[in-house]
Amino acid sequence: MAVCDICGNEYKHALLISVEGREGRGVYDSFECAIAGHAPRCTVCDTPIIGHGVQSDGRVFCCVHCAQRGGDTELVDRVGTAMLH
């Protein structure tokens with residue numbers, strides 16, 4: 001049985017996750033723990049970034065709003081898309 005790297009739970013069907021460019025692999029009992037172990041965190045609000053997020057000058061943000069709060073005035077949200085009503 002594997003032991004989760006995050007919560008310490010022993011689990012028969014653990015997830016083994018490796019990330020290109022990082023040594024080793026993580027052992028997790030759930031996707032929730034895998035996200036906690038691998039998701040980058042927003043530079044401004046520290047939210048785990050589960051989706052794409054945005055990047056600027058080597059920094060990663062959960063959204064354009066946080067990027068703007070972090071000083072990036074070039075990134076804009078929803079460029080060229082119609083707003084849904």
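Can you find, within region 15-34, the residue that is least open to solvent (accessible area, probe 1.4 Å) among those that are part of a loop (DSSP other than H, G, I, E, B) and of a type outside the set (D, E, K, R)? Explain how you work it out, then say what you get.
Within region 15-34, the subset part of a loop (DSSP other than H, G, I, E, B) is 18-25, 29-30.
So of that shortlist, the ones also of a type outside the set (D, E, K, R) come out as 18-19, 21, 24, 30.
Numbers: 18: 86, 19: 51, 21: 83, 24: 57, 30: 36 Å².
Top of the filtered list is 30.
Considering region 1-14 alone, what residues qualify as being of a type outside the set (A, V, I, L, M) and surrounded by 11 or more Cβ atoms within 10 Å (Cβ to Cβ)? Full working, then the answer.
Applying the first criterion (of a type outside the set (A, V, I, L, M)) to region 1-14 yields 4-5, 7-13.
The answer is 4, 5, 7, 9, 11.
Considering only residues that are in contact with a strand residue (DSSP E or B) (Cβ under 8 Å, 6 or more places away or on another chain), assigned to a strand (DSSP E or B), farther than 30 Å from residue 1 by Cβ and open to solvent by less than 60 Å² (accessible area, probe 1.4 Å), which ones fall in region 47-61?
First, pick out the residues of region 47-61 that are in contact with a strand residue (DSSP E or B) (Cβ under 8 Å, 6 or more places away or on another chain): 47-49, 53-55, 60-61.
Right, trim to assigned to a strand (DSSP E or B) and you get 48, 54-55, 60-61.
In the following step, the residues that additionally are farther than 30 Å from residue 1 by Cβ were identified as 54-55, 60-61.
54, 60, 61 - these are the residues of region 47-61 that are in contact with a strand residue (DSSP E or B) (Cβ under 8 Å, 6 or more places away or on another chain), assigned to a strand (DSSP E or B), farther than 30 Å from residue 1 by Cβ and open to solvent by less than 60 Å² (accessible area, probe 1.4 Å).
Return yes or no: is residue 57 out of contact with any helix residue (DSSP H, G or I) (no Cβ under 8 Å at 6 or more places or on another chain) and not hydroxyl-bearing (Ser, Thr, Tyr)? So that I can check it myself, show each step before the final result.
Numbers: out of contact with any helix residue (DSSP H, G or I) (no Cβ under 8 Å at 6 or more places or on another chain): yes; not hydroxyl-bearing (Ser, Thr, Tyr): yes.
Judged against the criteria, residue 57 is a match.
Condition test on residue 37, is it at pLDDT below 90, outside any strand (DSSP E or B) and touching a strand residue (DSSP E or B) at 6+ places or on another chain (Cβ under 7 Å)? Walk me through it before giving the result.
Details: at pLDDT below 90: yes; outside any strand (DSSP E or B): yes; touching a strand residue (DSSP E or B) at 6+ places or on another chain (Cβ under 7 Å): yes.
So residue 37 passes the test.
Report yes if residue 44 is open to solvent by less than 60 Å² (accessible area, probe 1.4 Å), in a loop (DSSP other than H, G, I, E, B), closer than 24 Å to residue 74 by Cβ and touching a residue at least 12 places away in the same chain (Cβ under 8 Å), otherwise no.
Working: open to solvent by less than 60 Å² (accessible area, probe 1.4 Å): yes; in a loop (DSSP other than H, G, I, E, B): yes; closer than 24 Å to residue 74 by Cβ: yes; touching a residue at least 12 places away in the same chain (Cβ under 8 Å): yes.
For residue 44, the condition - open to solvent by less than 60 Å² (accessible area, probe 1.4 Å), in a loop (DSSP other than H, G, I, E, B), closer than 24 Å to residue 74 by Cβ and touching a residue at least 12 places away in the same chain (Cβ under 8 Å) - is met.
The values are calculated or read from the model by the stated rules, or taken from the named source; none is laboratory data. Just so it is clear, the structure is predicted and the values come from calculations on it, not from any experiment. Every residue, glycine as well, gets a Cβ built from its backbone with ideal geometry; the counts of neighbours run over all protein chains shown. The protein model used for the area step is the full one, side chains on, heavy atoms only, and it has no ligands, DNA or RNA in it. Shrake-Rupley method; radii C 1.70, N 1.55, O 1.52, S 1.80 Å.
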